[in-house]
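**Student:** Handing you a structure now.
The values are calculated or read from the model by the stated rules, or taken from the named source; none is laboratory data. Everything numeric here is computed off the predicted structure, so don't read it as measured data. Cβ placement follows ideal geometry from the backbone for every residue including glycine, while neighbour counts extend to all protein chains displayed.
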Amino acid sequence: MILSLFKRKASRNSAQAVYGAIVAAARHPTFYAEWGVPDTVDGRYDMIVLHTVLVLDRLASEGEKGQGFSQALTDAVFADMDRSLREMGVGDLSVGKKVRRMAEVFYGRAQAYAPSLRDDDAKALALAIYRNVHAGMGSEEGAGRLAAYALDVRRHLHAGLTAPILAGQIDFPDPSK
């Protein structure tokens with residue numbers, strides 16, 4: 001019993017560390033300055049979602065360990081969204097509704113990206129990114145570059161072991177290269 005509590009806490013801490021790396025990767029200036037991702041709360045959230053979906057995609061092949069960690073990571077994402085909304089001054093009564101809406105966006109994006117990621121289909125992924133991240137406006141070229149980056153990240157994550165991820169260590173390729 002007591003060991004399972006330590007394992008859960010370790011998993012939460014590792015998931016929090018991975019989430020921190022996801023946020024850092026999502027803040028890379030290339031996305032906003034060169035690829036046309038809107039430098040807004042929504043644009044930054046979309047970059048967090050994309051990176052999280054890529055990590056969850058990698059963890060999906062790990063069975064029960066991957067599922068548990070995926071849940072801990074998803075919990076970390078939405079705990080941070082809740083905290084961020086409160087810091088922005090959203091009232092207690094509205095936070096739940098806004099987080100629920102953010103969850104709908106998250107799972108909608110995950111469903112939209114999954115087939116293209118799985119099939120390594122840059123064109124279909126670029127279209128989904130253009131529709132979702134760029135809201136159908138702006139640079140289609142930027143959406144294409146973001147899709148190519150996402151597929152590179154997916155290949156990078158699938159080429160490595162998941163043990164470091166489960167231990168809270170993850171790295172993302174530099175999008176500016």
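**Student:** When you go through Arg86, Arg44, Arg101 one by one, which is the residue that is of a type outside the set (S, T, N, Q), under 17 Å from the mean Cα position of the chain (by Cα) and surrounded by fewer than 17 Cβ atoms within 10 Å (Cβ to Cβ)?
**Tutor:** Going through Arg86, Arg44, Arg101 in turn, the sole match is Arg101.
**Student:** Find the residue count for segment 139-158, including only residues that are among the small types (Gly, Ala, Ser) and either closer than 17 Å to Ala21 by Cβ or in contact with a Lys or Arg (Cβ under 7 Å, 6 or more places away or on another chain) (or both).
**Tutor:** Residues that pass the stated criteria total 1.
**Student:** In segment 128-177, which residues are crowded, with 18+ Cβ neighbours inside 10 Å and assigned to a loop (DSSP other than H, G, I, E, B)?
**Tutor:** Those that are crowded, with 18+ Cβ neighbours inside 10 Å and assigned to a loop (DSSP other than H, G, I, E, B): Val133, His134, Thr162, Gly168, Ile170, Phe172, Pro175.
**Student:** Oh, and also: Tell me which residues, restricted to segment 81-97, are out of contact with any Asp or Glu (no Cβ under 7 Å at 6 or more places or on another chain), over 15 Å from Ile48 (Cβ atoms) and not in a loop (DSSP other than H, G, I, E, B). So that I can check it myself, show each step before the final result.
**Tutor:** Step one: filter segment 81-97 for residues out of contact with any Asp or Glu (no Cβ under 7 Å at 6 or more places or on another chain), giving 81-94, 96-97.
Restricting the remaining residues to those that are over 15 Å from Ile48 (Cβ atoms) gives 86-94, 96-97.
Answer for segment 81-97, where residues must be out of contact with any Asp or Glu (no Cβ under 7 Å at 6 or more places or on another chain), over 15 Å from Ile48 (Cβ atoms) and not in a loop (DSSP other than H, G, I, E, B): Arg86, Glu87, Asp92, Leu93, Ser94, Gly96, Lys97.
**Student:** Report, ordered by the first and then the second residue, all pairs with beta carbons closer than 6 Å, sequence separation of six or more or different chains, a first member in segment 149-177 that is under 15 Å from Ala25 (Cβ atoms), and a second member that is part of a helix (DSSP H, G or I) and hydroxyl-bearing (Ser, Thr, Tyr).
**Tutor:** Cβ pairs passing all conditions: Gly168/Ser14; Pro175/Thr30; Pro175/Tyr149; Ser176/Thr30.
**Student:** Still on this structure, I have one more. Every residue in segment 19-68 that is modelled with pLDDT under 95, touching a helix residue (DSSP H, G or I) at 6+ places or on another chain (Cβ under 9 Å) and closer than 16 Å to Thr162 by Cβ, please.
**Tutor:** Across segment 19-68, the qualifying residues are Ala60, Ser61, Glu62, Lys65, Gly66, Gln67, Gly68.
**Student:** Here is a follow-up. Sort through Tyr32, Tyr19 and tell me the only one that's farther than 20 Å from Ala103 by Cβ, among the hydroxyl-bearing types (Ser, Thr, Tyr) and part of a helix (DSSP H, G or I).
**Tutor:** Being farther than 20 Å from Ala103 by Cβ, among the hydroxyl-bearing types (Ser, Thr, Tyr) and part of a helix (DSSP H, G or I) holds for just one of Tyr32, Tyr19, which is Tyr32.
**Student:** Against the definition (surrounded by 13 or more Cβ atoms within 10 Å (Cβ to Cβ), hydroxyl-bearing (Ser, Thr, Tyr), out of contact with any helix residue (DSSP H, G or I) (no Cβ under 8 Å at 6 or more places or on another chain) and touching a residue at least 12 places away in the same chain (Cβ under 8 Å)), how does Thr74 come out, yes or no?
**Tutor:** Working: surrounded by 13 or more Cβ atoms within 10 Å (Cβ to Cβ): yes; hydroxyl-bearing (Ser, Thr, Tyr): yes; out of contact with any helix residue (DSSP H, G or I) (no Cβ under 8 Å at 6 or more places or on another chain): no; touching a residue at least 12 places away in the same chain (Cβ under 8 Å): yes.
No; evaluated as a whole, the condition is false for this residue.
**Student:** Out of curiosity, is Phe69 surrounded by 20 or more Cβ atoms within 10 Å (Cβ to Cβ), closer than 28 Å to Ala126 by Cβ and in contact (Cβ under 8 Å) with a residue 40 or more places away in the chain?
**Tutor:** Against the criterion (surrounded by 20 or more Cβ atoms within 10 Å (Cβ to Cβ), closer than 28 Å to Ala126 by Cβ and in contact (Cβ under 8 Å) with a residue 40 or more places away in the chain), Phe69 does not qualify.
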